[in-house]
Amino acid sequence: MHYKTIAELSLALQQREISSAELTRHMLQRIGRFDDRLNAFISVTEERALAQADEADRKIAAGDAGPLTGIPIAHKDIFCTQGVRTSCGSRMLENFISPYDASVVERLQQAGAVMLGKTNMDEFAMGSSNETSYYGPVRNPWDTETVPGGSSGGSAAAVAARLCAAATGTDTGGSIRQPAALSGVTGLKPTYGRCSRWGMVAFASSLDQAGPMTRSAEDAAIMLSAMAGFDERDSTSADRPVDDYVGALGNDIRGLRIGVVKEFMGDGLDAGVATSVQTALSEYERLGATLVEISLPNAGLSVPAYYVVAPAECSSNLARFDGVRYGHRCEDPKDLEDLYKRSRSEGFGAEVQRRIMIGTYALSAGYYDAYYLKAQKVRQLIADDFRRAFEQCDLIAGPTAPDTAFRLGAKADDPVAMYLSDIYTIAVNLAGLPGVSIPAPMSAGMPVGLQLIGNYFDEARLLNAAHRLQLATDWHRQNPGGF
Amino acid sequence: MSLSSDDVAKIAHLARLDMPSDKAEALGRELSSILDLVAQMDAVDTSGVTPMAHPLEVVQRLRDDAVTEQDNRDRYQAGGPAVENGLYLVPKVIE
């Protein structure tokens, strides 16, 4: 049962082959049995899940079910969930019970999805290996000595090990796509503003975007259909209609022009990953698409620009954690400054403190022009590169990450080496474009991600292209042993 | 770029982070390595480039000047570390 996709489970539920309560209990049992080895979940919400499953079964019996009714999913622990701890992977929010649901959580609940629990993540979504979590690292189900990627590492590992049918993630610099690649699942980062940020703990507000992590592009289309849409509570929510993502899956892709980024296929890319990506691109040619070489000359500056913009926004967003209104508070503060400083230093881990300090420095008096302003100009150059590229092609393709999953601890002491894990994903966030990572052929037994990048609000075409590849191949149907 | 322990202490204070002096030197090296990465931006000439304000060409939405929020004060304060009579408690700030 757990090998099925959402589309297949939905059919089984409608045809009464299984009830949502049975399916939900099955998934909860799997979490109980396997999560000790993965640490993919921070909280398991069994009671809420079973109540939602019963409600879903009533809807199915009444003939009032949609494609997500009764489907057990998990939420990254960055999404506020009413009455349930929302830790964001941090000690700071160890005891934070959210007073409301995030918009994305609310929408998926309205669509009938069942919430199994909250998944582990890098602290405040800052990391590329899920090792910065206060709740311990997540392990990759394909090789538990390696990382699942991050920051949505718990969601990626849970979907890969079939502990849930799908999960939500967030992506500020690659945090959906990179773990999807390293863990062998499908992960979509929509256009900036497509899914509401309301109730999603803020990291870098001009980059953060929620998206689905699933077993297939078809499932991503089903999830996105429920998650996307205008929300007046998010000041940067896109006020435009949501496309028919599922309907577009059937479109033909013959004649589709796929741009291959020449800067992404050269130095720094692992040879095995390069071969897998080439195989996937050849399959697209076989399916009738045309490959066009394109150039993103400024993409190499995306990591440097990101490590100004994201820390600057993080230092501002995380100023709210002051030990006064909510979150961790130190013992016996001697004055207000001591209260702020000790609460924050005890509540935040090393990586979060590093980024707050880089951002504080970049925004401090006298440095604004050299850092933030310069980075926003470089960001414009990167967006212009993409605009020119989309004059030559419909979609852009390349690797999602430069390597397959690395060993736990391999990059833990070298922040800059860790940051370069996102070298192919960050430019997409800086430009605000949608991108998806889908499994390419494995390399030495470990998953590889093919990244497809679309033009603004072109998620339907992106998912259509991903789906056509998945209809023709079984790369997304591989399962890690032992789960 | 090389940040001294004094620089680190100053930034930590601005960010309201506690910085034990024995950690400042190592942190200074880590932050300096990140700033070296950032300095790669200097290789590109950006004179005349308009800095990006938003990835999409949109303007800020306006709404009617009407009260729409509900009063959730009690619910939101329930999670505070020290609350009394609807007030957040902090150490004495005025002598």
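When A:A362, A:A375, A:A389 are checked against the criterion of being touching a Leu at 6+ places or on another chain (Cβ under 8 Å), touching a residue at least 40 places away in the same chain (Cβ under 8 Å) and small (G, A, S), A:A389 stands alone in meeting it.
Does A:V138 count as crowded, with 24+ Cβ neighbours inside 10 Å, farther than 23 Å from A:A202 by Cα and of a type in the set (V, I, T)? Spelling it out, it is not the case that A:V138 is crowded, with 24+ Cβ neighbours inside 10 Å, farther than 23 Å from A:A202 by Cα and of a type in the set (V, I, T).
Scan region A:9-18 and tell me whether some residue there is at pLDDT below 95 and not hydrophobic (A, V, I, L, M, F, W, C). For region A:9-18, residues at pLDDT below 95 and not hydrophobic (A, V, I, L, M, F, W, C): absent.
Residue-by-condition table, conditions (1) part of a loop (DSSP other than H, G, I, E, B); (2) facing chain A (nearest Cβ under 7 Å):
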position	(1), (2)
B:E30	no, yes
B:I34	no, yes
B:V38	no, yes
B:M41	no, yes
B:T46	yes, yes
B:V49	yes, yes
B:E57	yes, no
B:D64	yes, no
B:E69	yes, no
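Evaluated against (1) surrounded by fewer than 16 Cβ atoms within 10 Å (Cβ to Cβ); (2) over 30 Å from A:D385 (Cα atoms); (3) facing chain A (nearest Cβ under 9 Å); (4) touching a residue at least 12 places away in the same chain (Cβ under 8 Å), B:E25 falls short on exactly one condition, (3).
For region A:441-459, the set of residues classified as outside any loop (DSSP other than H, G, I, E, B) and either among the polar types (S, T, N, Q) or within 18 Å of the chain's Cα centre (by Cα) (or both) consists of A:S443, A:P447, A:V448, A:G449, A:L450, A:Q451, A:L452, A:I453, A:E459, listed by residue number. Against the test of being of a type outside the set (A, V, I, L, M) and surrounded by fewer than 24 Cβ atoms within 10 Å (Cβ to Cβ), the options A:P447, A:P415 yield a single qualifying residue, A:P415.
Residues in region B:1-33 that are closer than 29 Å to A:S302 by Cβ and touching a Lys or Arg at 6+ places or on another chain (Cβ under 7 Å): 3 in all. Residue count for region A:376-411 under the criterion of being farther than 28 Å from A:Y284 by Cα, open to solvent by 10 Å² or more (accessible area, probe 1.4 Å) and within 12 Å of another protein chain (Cβ to nearest Cβ): the result is 4. Output the number of the condition that A:N429 fails; it satisfies all remaining conditions of (1) closer than 24 Å to A:W142 by Cα; (2) open to solvent by less than 10 Å² (accessible area, probe 1.4 Å). Every condition holds for A:N429 apart from (1). Among the numbered conditions (1) at pLDDT below 90; (2) facing chain A (nearest Cβ under 9 Å); (3) surrounded by 10 or more Cβ atoms within 10 Å (Cβ to Cβ), the only one that B:A82 does not meet is (1). Consider A:T279 carefully, then state whether it is touching a residue at least 40 places away in the same chain (Cβ under 8 Å) and more than 11 Å from chain B (Cβ to nearest Cβ). Here the answer is yes, as A:T279 does meet what is asked. State yes or no: is A:S10 among the polar types (S, T, N, Q), open to solvent by less than 30 Å² (accessible area, probe 1.4 Å) and outside any strand (DSSP E or B)? Taking the combined requirement at face value, the residue satisfies it.
Here's the yes/no breakdown for (1) among the small types (G, A, S); (2) open to solvent by less than 10 Å² (accessible area, probe 1.4 Å); (3) within 30 Å of B:D74 (Cα to Cα):
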residue	(1), (2), (3)
A:D171	no, yes, no
A:V185	no, yes, no
A:C195	no, yes, yes
A:P212	no, yes, no
A:R215	no, no, no
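Taking the criterion of being among the charged types (D, E, K, R), more than 7 Å from chain B (Cβ to nearest Cβ), part of a loop (DSSP other than H, G, I, E, B) and within 30 Å of the chain's Cα centre (by Cα), the only residue of region A:315-355 that qualifies is A:D322.
The values are calculated or read from the model by the stated rules, or taken from the named source; none is laboratory data. Small disclaimer: the values here were computed from a predicted structure and weren't measured. Because the Cβ atoms are built from the backbone with ideal geometry, glycine has one as well, and the counts that use them run over all protein chains shown. Heads up: the accessible areas ignore ligands, DNA and RNA and are worked out on the full protein's heavy atoms, side chains in. Shrake-Rupley method; radii C 1.70, N 1.55, O 1.52, S 1.80 Å.
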